[in-house]
Amino acid sequence: MKILITGAAGQIGTDMLPLLLDRGDEVVVFDLAPRPATCPDGVVWLRGDITYPEEVNTVVEQTRPERIFHLAAILSATGESIPHRAWRVNMDGTRNVFEAARLFAVTQVFFTSTIAAFGPGLAQPVGDDVPLRPTTMYGLTKVAGERLGEYYENTFGIDFRGVRFPGLINAGIPGGGTSDYALFMYVNGMRDGRYEAFCTPETKIPFMYMPDAIRAMLELSDAPKENLKRSVYNIAAISPSAQEIADAVKARLPDVVITFAPDPRRQAILDSWPQALDDSNARAEWNWAHEFDLDAMSDDLMPKVRALLGDPTIRV
Ligand code: SER
């Protein structure tokens, strides 16, 4: 199948490209960033700016994908530093993708939403159908993306699907998210022997290991439409405290020193997010099940981080 991925140079796309090629998909990337050295052969890498509708239209018209995985976005921490840019990329960029999909008859658009779509004060674990009152620019643009996708589905018949991701952890370069403290514990812990987290040790939000996250996207994208009662699903895996993540790193790297110096702005964002998600709809309707708990993730991740740190083509 021919698949277009926006923002594939980011944290999710980097790990997703080889998996799509492995299953025989034809993959086209649309990204502002140049083709990275790690991009597998066989991927067509087209550079462009998602905020310009004519550039998005041209790439969709010329490549005619059946599905678009729309990953291009500014994450929460960066979004609070440059909110105008987050609006342009996440709002205008997302509308440009839906509009190009409508104009050139793309069958399915897959959208990556987030725990940041939720705001504070919700009963835990947080289900799919609660009021969405995000406090960040990132969160509000993701809520808008969910609703815009439903609009394009109801009005123009585009098959719209999406997941609300927990914080994602992989052997990669953090992408400007507030959940990045978890990834930094592994990467900085292995590179520098120490890391000072910008949150409290008690901070608890949902996390997921990237192989589970990518599998969730592909399984929902492929699920029979008649089984799906909604467009966007909570998906969950683990909800460790920051201290528990630090302990998992320390259990495998005994000399590491992880300390906590909460940054008030980032802590406030983390405190506004769910501590745990209720993903029972995803589990019932398309058999979602995560595979990696904190220990299995840490065991799998740490050799990959070590390899990443030894790769001279990647700046970590
Ligand atoms: N990982 C994201 C962030 O921290 C949450 O979706 O912005």
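A few points about this structure:
- Some residue of the range 94-101 being within 16 Å of the ligand (Cβ to nearest atom), touching a residue at least 12 places away in the same chain (Cβ under 8 Å) and either crowded, with 20+ Cβ neighbours inside 10 Å or of a type outside the set (A, V, I, L, M) (or both): yes
- When the range 232-248 is limited to residues that are buried (at least 18 other Cβ atoms within 10 Å of the Cβ) and of a type in the set (Ser, Thr, Tyr), the one that is farthest from HIS290 (Cα to Cα) turns out to be TYR233.
- Of everything listed in (1) β-branched (Val, Ile, Thr); (2) part of a helix (DSSP H, G or I); (3) farther than 23 Å from ALA116 by Cα, the single unmet condition for THR78 is (3).
- Filter result (among the β-branched types (Val, Ile, Thr), under 24 Å from GLY172 (Cβ atoms) and out of contact with any strand residue (DSSP E or B) (no Cβ under 8 Å at 6 or more places or on another chain)) within the range 52-87: ILE74, THR78, ILE82
- Residue that is on the phi < 0 side of the Ramachandran plot, away from the ligand (no atom under 16 Å from the Cβ), of a type in the set (Val, Ile, Thr) and at pLDDT 95 or above, where the choices are VAL256, VAL232: VAL256
- Restricting GLY176, GLY139, GLY172 to those that are out of contact with any strand residue (DSSP E or B) (no Cβ under 6 Å at 6 or more places or on another chain), assigned to a loop (DSSP other than H, G, I, E, B) and within 9 Å of the ligand (Cβ to nearest atom) reduces the list to GLY176.
- Options ALA276, ALA251: the member that is small (Gly, Ala, Ser) and open to solvent by 60 Å² or more (accessible area, probe 1.4 Å): ALA251
- Of all residues in the range 109-136, those satisfying the criterion of being assigned to a strand (DSSP E or B) and more than 10 Å from the ligand (Cβ to nearest atom) are VAL109, PHE110, PHE111, VAL126.
- Residue list for the range 180-203, restricted to those being farther than 17 Å from ALA251 by Cα and either open to solvent by 20 Å² or more (accessible area, probe 1.4 Å) or among the basic types (Lys, Arg) (or both): GLU196, THR200, GLU202
- Being outside any loop (DSSP other than H, G, I, E, B), modelled with pLDDT of 95 or more and not aliphatic (A, V, I, L, M) holds for only one residue in ARG191, ARG215, and it is ARG215.
The values are calculated or read from the model by the stated rules, or taken from the named source; none is laboratory data. Everything numeric in this text was worked out from a predicted model, so none of it was measured. Neighbour counts are summed over all protein chains in view; Cβ atoms, including those assigned to glycine, are modelled from backbone coordinates with ideal geometry. With ligands, DNA and RNA removed, areas are computed over all heavy atoms of the protein, side chains included. Shrake-Rupley method; radii C 1.70, N 1.55, O 1.52, S 1.80 Å.
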